Amino acid sequence: MKTTIQQFLKQEDGVAAIEYGLLAGLLACAIITAVGLVGTDLAAMFNAVAGRLVSATPAAAA
């Protein structure tokens, strides 16, 4: 029984797969955060441009 447990603890077959999975998860979190921040800033910029365009155009005669 003791040798079986020791052999199980020495196996490292799945370690690389777990590390790659953790790395992929961390990378996904970083991408989601970056896209969220850029998207918010981009929306604010477009809203500012739209506001300036509305104020710059003359009112249409009705």
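Any chance you could get the radius of gyration and Dmax over the Cα atoms of the chain, in Å?
27.6, 92
Please check: in the Gaussian network model of the chain (C-alpha springs, under 10 Å), which one of Gly51, Gly25, Gly36 has the largest mean-square fluctuation.
Highest fluctuation among the options: Gly51.
Rule-based calculations on the coordinates, nothing more; no lab input. Since this is a predicted model, take the numbers as computed values, not measurements.
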